[in-house]
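To keep things clear, I will list the structure first and then write my remarks on it.
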Amino acid sequence: MRELEKASAGLLYDALHDPELRALRDQAADQLYDYNHSRQTDRIRRQTLLAALLGSLGDEVTITTPFHCEYGFNLHLGDNVHIDTNLTVFDGARIDIGNNVFIAPNVGLYASDHPMDAERRNQGMKHASPITIGDNVWIGASTTILPGITIGEGSVIGSGSVVTHDIPAGMVAFGNPCRVVRPVSEQDTPGS
């Protein structure tokens with residue numbers, strides 16, 4: 001089994017030494033260089049660069065630079081996704097971002113992680129679990145989302161959160177570790 005297949009299956013994989021994974025990371029780094037050095041106003045070129053880098057790209061997607069990712073092909077974006085500066089993505093496993101999602105600055109999506117034991121970690125081993133962000137989610141600034149997390153449709157994640165467990169749909173959640181505080185309600189609608 002190839003290391004890429006192991007990563008997709010959630011198994012330990014050699015992220016550091018495998019030539020195929022290194023080549024894929026290098027390719028993504030070159031594509032990111034071009035994207036991060038393109039003009040914000042050159043929208044057609046920027047969309048073309050993103051389409052070549054990402055696994056799938058919906059309509060009306062904005063990613064403000066700088067943007068960082070490990071591979072790119074495991075990142076799938078829906079329609080009307082707006083991502084502010086300095087998104088960091090470790091996409092050893094698939095990451096799905098739904099429609100109408102807003103992501104504030106300095107957010108990290110970490111689908112891959114190193115083992116806890118030093119021996120395997122020092123060998124360059126990793127494991128990865130998918131991340132799913134539902135439709136109509138808002139993720140506040142400086143939030144960290146760990147491997148295997150699902151954030152349900154319509155939820156709001158407060159700034160500075162570290163999301164270590166799934167968040168159900170329609171909830172306001174924040175903290176370190178992130179916890180559900182209450183449902184999104186009418187009080188969250190201006191003028192209500």
Answer residue from the stretch 38-63, given it is in contact (Cβ under 8 Å) with a residue 24 or more places away in the chain and under 27 Å from GLU3 (Cβ atoms) and is surrounded by the most Cβ atoms within 10 Å (Cβ to Cβ) among those:
LEU53
Consider the stretch 106-122. How many of its residues are in contact (Cβ under 8 Å) with a residue 40 or more places away in the chain and either in a loop (DSSP other than H, G, I, E, B) or within 15 Å of SER8 (Cβ to Cβ) (or both)?
2
Every residue in the stretch 153-173 that is surrounded by fewer than 22 Cβ atoms within 10 Å (Cβ to Cβ) and not aliphatic (A, V, I, L, M), please.
GLU153, GLY154, GLY158, SER159, GLY160, THR164, HIS165, ASP166, PRO168, GLY170
Picking from HIS76, HIS127, HIS68, which residue would you name as being closer than 28 Å to ARG2 by Cα, in contact with a Leu (Cβ under 6 Å, 6 or more places away or on another chain) and in a strand (DSSP E or B)?
HIS127
Test result for GLY10, at positive phi and part of a loop (DSSP other than H, G, I, E, B)
yes
Pair list, Cβ under 6 Å, 6 or more apart: the stretch 64-92 residue touching a residue at least 60 places away in the same chain (Cβ under 8 Å), other residue part of a loop (DSSP other than H, G, I, E, B):
GLY92/ALA111
Among the candidates GLY170, GLY140, GLY134, which residue alone is of a type outside the set (Val, Ile, Thr) and free of Cβ contacts under 8 Å to residues at least 24 places away in the same chain?
GLY170
Based on what the data block shows, is THR132 of a type outside the set (Asp, Glu), modelled with pLDDT of 95 or more and outside any loop (DSSP other than H, G, I, E, B)?
yes
Single residue of the stretch 140-152 satisfying the filter (among the aliphatic types (A, V, I, L, M) and over 11 Å from the mean Cα position of the chain (by Cα)) that is surrounded by the fewest Cβ atoms within 10 Å (Cβ to Cβ):
ALA141
May I ask you to say which residue of PRO66, PRO19 is closer than 30 Å to MET125 by Cβ, loosely packed, with under 13 Cβ neighbours inside 10 Å and either touching a strand residue (DSSP E or B) at 6+ places or on another chain (Cβ under 6 Å) or modelled with pLDDT of 95 or more (or both)?
PRO19
Contact list, first residue from the stretch 174-190 and over 11 Å from ILE157 (Cβ atoms), second anywhere and hydroxyl-bearing (Ser, Thr, Tyr), beta-carbon distance below 6 Å, six or more apart or interchain, is PRO177/THR164; GLU186/SER192
In this structure, does ARG94 turn out to be farther than 23 Å from THR41 by Cβ, modelled with pLDDT of 95 or more, touching a Leu at 6+ places or on another chain (Cβ under 9 Å) and basic (Lys, Arg)?
yes
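The values are calculated or read from the model by the stated rules, or taken from the named source; none is laboratory data. Fair warning: this is a prediction, and the values are worked out from it, not measured in the lab. With ideal geometry, Cβ positions are generated from the backbone for all residues, glycine too; neighbour counts draw on all protein chains shown.
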